[in-house]
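Below is one structure, written out as structure tokens; the observations come after it.
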Amino acid sequence: MTDVEAVWRCAYRHPCAWDLPLSPLSMVDMFDRAAAAHAGKPLIEFLGRNYSYNEVRDGANRVAAGLALLGYGAGDRIGLFLPNVPHYLAAYYGILKLGAAVVNFSPLYTPAELAHQVADSGTRLLFTISATALLPTAIKVLNDSPLERLIVGSVAGALPGAKSVLYRWFSRKDIADKPNDPRIIAFSRLIANDGAHVAATIDPVEDVALIQYTGGTTGTPKGAMLTHQNLSANARQVNAIDPQPGMEDRILGALPLFHVFANTCVLNRTVLNGGCIIMLPRFNAAQALGAINRSRVTAVPGVPTMYQALLDNPALAKTDFSHLRACISGGAPLAAELKARFEAATGATLIEGYGLSESSGVVSANPYEGAGKPGTIGQPVPATRVALVDKEDPSKPPAPGEPGEIIIAGPQIMKGYWQRPDADAEVFITDAAGVRWLRTGDVGVIDEDGFVRIVDRLKDMIAVGGFKVFPSQIEAVLYTHPAVKEALVIGIPDTYRGEFPRAYVTLNDAAEATGAALTAWLNPQLGKHERVDDVVIRATMPKTMIGKLSRKDLVAEVLG
């Protein structure tokens, strides 16, 4: 046992034991147990229509039966090319009941991106909806890849009667016609059965439930293979750190369900706890505030830019936050100023956490109650080990007092990358005790209380004349300026120094500042090798599909 593990055992600040046992559990058993226990309770509230646990279980059973009738079964890969709609849950759990693996695809993918991942994963069938933003892309991939069939749902069919009519009448331009093609099957036709199917035999530890594509710790997108036990363990880990797990859960489902963060914190954890997902098709600040007000939302999982957008929206002042208990922030560092402003405005606790696709979503979080540490990613969730290794040589620890690469081990860590043993060899380390650790590519420190602080990403470090500069440290200083709303720092190639840092910011509404003034304010607070050549003010920043700032896209814009 390491010193830090002794700290977690004795001074764990989450309301559970750090070494909490998590026995093998399939996602199907987890879902069916919840559906039996909460049969008549709403699992989904979608634009005014409720779906009970019984209804979603019936839909999942019908999906499984329909897929079996089409010849699909255990071990197949079946894709979801869906926004946040009720079809997602029926398809997700129906695929798992079949013993097949779900493959998540972003609705923002281009036809080329989708076709590549469909081919790479061996996805045979794809669920989508009759939206102009999705169906034409899916049809093109059907024609240009090994994909065999499409299952196409209707958003209008998921709404209450009056809203369904209005949707068809006023949003006709957003609805794509389903071609008369035998390979393209209506969702309603797929589930036109009694739901009877042969239950798959599932080994929770070995059988893959979800292939989640990620940029990973290195290289191009790879499919992280997440087993049933990976996903069910992470749902239980997140549930265990809630000091009031029996309280009513009404979770805002604005994060996209195709993303691993939402998969655990919005979907699986809510199902485990018998809660309700207040589902929005996508994040919109005004709609989110309306849902919080109308539906007595108790928690909002999100990324920092979402919380900033909520604060910036005029409807904030008219929103009742009295039922909002806690919000989990992930995906990007949470600025202390943003945390303080959001908590002051809402009365809710904003908790910073950390995770990766390869870890099923969540590795660590600050405690909901008591003494957390702003600026850290908290302590690990139960049954999770975090350690540091030398940034250059992962076979040894970092030098005393130096940050190191964060490595993690636990029941939520992926089985490996889909058909990429070469990538597995790069990211997994097995120690002398036989423990298999995942290299994260993040650089951090662990303090005397067992709290972890991320310094930066290995690949984001800027090499300035032989010195390593961490962009996040410069960004943290920028966020203390009252005019700065968003900040990113990147390395600019230089023939003499190798690279030098340059900052890019957006400003808060009504704020007045110039790049020259911000540069003059910033640089005296930095080490000489950290000083930027310029602070560039932008109208907007590039963001990822879930709304977090994208350093990679900024680099592509600036450097080409």
Fill in: Nearest-ten-degree value, helix 111-121 long axis tilted from longest Cα axis of the chain
80
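Work out which GluC sites (Glu not before Pro) in the chain are exposed loop sites (DSSP not H, G, I, E or B, at most 10 other Cβ within 10 Å) and give the longest gap free of them. Could the numbers behind the result be given before it?
Values: sites that count: Glu392, Glu448, Glu512.
The answer is 1-391.
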Practice prompt. Whole number in Å², please: accessible area per residue of the chain, 1.4 Å probe, ligands, DNA and RNA not counted.
Written response: 40
Fill in: Surface accessible to a 1.4 Å probe, Leu388 within the full protein complex, Å²
40
Practice prompt. Name the residues whose placed amide hydrogens come within less than 5 Å of the amide hydrogen of Phe258, ignoring near sequence neighbours (fewer than 5 apart) on the same chain.
Written response: none
Fill in: Alpha carbon convex hull of the range 365-406, projected area averaged over orientations, nm²
3.9
Worksheet item: Of all the accessible heavy-atom surface of the chain, with the other protein chains kept in place and a 1.4 Å probe, what percent is carbon and sulfur?
Response: 55
Worksheet item: Karplus couplings for the range 246-253 from phi (6.51 cos²θ - 1.76 cosθ + 1.60, θ = phi - 60°), rounded to Hz, Gly and Pro as x?
Response: x, 5, 4, 9, 10, 8, 6, x
Worksheet item: Cα extents of the range 412-560 along the three principal axes, largest first, in whole Å?
Response: 55, 39, 33
Fill in: Label corresponding to percent of Cα pairs over 39 Å apart when calculated from the structure given, among (1) 34; (2) 26; (3) 47
(2)
Discussion item. With a 1.4 Å probe and all protein chains kept in place, how much accessible area does His529 have, in Å² rounded to the nearest 10?
Written reply: 60
Worksheet entry | Euclidean distance of C-alpha centroids, the range 368-444 and the range 261-292, integer Å | 29
Fill in: log10 of Debye I(q)/I(0), alpha-carbon scatterers only, for the range 1-154 at 0.09, 0.13, 0.17 Å⁻¹
-0.40, -0.70, -0.96
Discussion item. Report the Cα centroid-to-centroid distance between the range 1-57 and the range 465-504 in angstrom, as an integer.
Written reply: 40
Practice prompt. Could you run the Karplus curve 6.51 cos²θ - 1.76 cosθ + 1.60 with θ = phi - 60° over the range 421-437 and give me ³J(HN,Hα) per residue in whole Hz, x for Gly and Pro?
Written response: x, 5, 6, 4, 5, 7, 9, 9, 10, 10, 8, 4, 8, x, 7, 9, 10
Response to the item:
Dividing the mean separation of Cα pairs under 8 Å (6+ apart) by the residue count of the range 277-429 yields a relative contact order in percent of 14
Practice prompt. Report the antiparallel proportion of the DSSP beta bridges in the chain as a percent, rounded to a multiple of 5.
Written response: 60
Discussion item. Between 0 and 90 degrees, rounded to the nearest ten: what's the tilt of helix 161-170 against the longest Cα principal axis of the chain?
Written reply: 70
Discussion item. Distance cut-off 20 Å, Cα to Cα: go down the list Lys396/Lys552; Lys468/Lys548; Lys339/Lys548; Lys468/Lys543; Lys485/Lys548 and report the pairs above it.
Written reply: Lys396/Lys552; Lys468/Lys548; Lys468/Lys543
Response to the item:
Karplus ³J(HN,Hα) for the range 285-295 (6.51 cos²θ - 1.76 cosθ + 1.60, θ = phi - 60°; Hz, whole; x = Gly/Pro) runs 4, 5, 5, 5, 5, x, 5, 4, 5, 6, 10
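The values are calculated or read from the model by the stated rules, or taken from the named source; none is laboratory data. None of these values were measured; they are calculated from a predicted model. When we count neighbours, we look across all protein chains shown, and the Cβ atoms used for this are built from the backbone with ideal geometry, even at glycine. Note: areas computed on protein heavy atoms with side chains; ligands, DNA, RNA excluded. Shrake-Rupley method; radii C 1.70, N 1.55, O 1.52, S 1.80 Å.
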